[in-house]
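A.B. asks: Structure below; questions to follow.
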Amino acid sequence: AFHTWLEERFGAPRLLDVDELPGAADDDAAPDGELVELQERFLASEWADRVPVEVEVPFATVLAGVVVRGRMDAVFTAPGGRYDVVDWKTGRPPDGPAAEAAAVQLAAYRLAWAELAGVPVDRVRAAFHYVRSGVTVRPADLLDAEGLAALITGIPERLR
């Protein structure tokens, strides 16, 4: 419900049903009854007054011979011809190995937006915004294309 509200707030056409949205299956996602609280917290965030250039951006990119598909929640322009790709999270920020694993998602988003926008990957930042806690997490050491490819090739063929 929160993602749908953001789509409507940003004036984006509804692309998916609520159950199909990224994060809908998150174990720690907020119940619909908490929507008002999440809306209030978002409106108090650094993102509330910014206008995205794109919302719910689908992508498909090939890494190490594997097609990686996804959908970026929002893309904002940043000073100096740069971009911020943001993924909204309604759950709690992970820590330790879970945070490192989550950063792989952002690395893929960052690479995908650079390809879609035709800009060098170093002009794209990626972040999770944890709405409930009001925290934006921007990992500084996101993997590049080679790093993502190495992760994929490290997975046994039968599991890819």
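The values are calculated or read from the model by the stated rules, or taken from the named source; none is laboratory data. This is a predicted model, so every value here is computed, not measured. Cβ sites come from the backbone with ideal geometry, for glycine too, and all protein chains shown count toward neighbours. Note: accessible area is taken over every heavy atom of the protein model, side chains too, but ligands, DNA and RNA are not part of it. Shrake-Rupley method; radii C 1.70, N 1.55, O 1.52, S 1.80 Å.
A.B. asks: In the chain, carbon and sulfur make up what percent of the accessible area (probe 1.4 Å)?
C.D. replies: Carbon and sulfur atoms account for 52 percent of the accessible area of the chain.
A.B. asks: Further, regarding this structure: Please tell me the relative contact order of the chain in percent, rounded to the nearest whole number, where contacts are Cα pairs under 8 Å and at least six residues apart.
C.D. replies: Relative contact order for the chain comes out at 21 percent.
A.B. asks: Right, next: From the Cα gyration tensor of region 43-98, with a ≥ b ≥ c the square roots of its eigenvalues, which class applies: rounded if a/c is under 1.5, or else prolate if a/b is larger than b/c, or else oblate?
C.D. replies: In terms of gyration-tensor shape, oblate.
A.B. asks: Next question. What is the calculated FRET efficiency for Val68 to Arg138, with r their C-beta to C-beta distance and R₀ = 30 Å, to the nearest 0.05?
C.D. replies: Efficiency, rounded to the nearest 0.05: 0.90.
A.B. asks: Given the DSSP H assignment, sum -39500 (n - 2.57) over each helix run of at least 4 residues in the chain and divide by its residue total; what's the result at 222 nm in deg cm²/dmol, nearest 500?
C.D. replies: Value at 222 nm, helices only: -9500 deg cm²/dmol.
A.B. asks: Let me ask something else about it. Anything in the chain that counts as a DSSP H helix reaching 15 Å or more along its axis (C-alpha) with Kyte-Doolittle mean of at least 1.0? List them, would you? Spell out each step's value before the answer.
C.D. replies: Working: long enough: 96-117 (32 Å, 0.65).
Long hydrophobic helices here: none detected.
A.B. asks: Send over a whole-number figure in Å² for the accessible area per residue of the chain, probe 1.4 Å. Don't skip to the answer; put the middle values down first.
C.D. replies: On the way: 8750 Å² over 160 residues.
Spelled out: the 1.4 Å probe surface of the chain, per residue, equals 55 Å².
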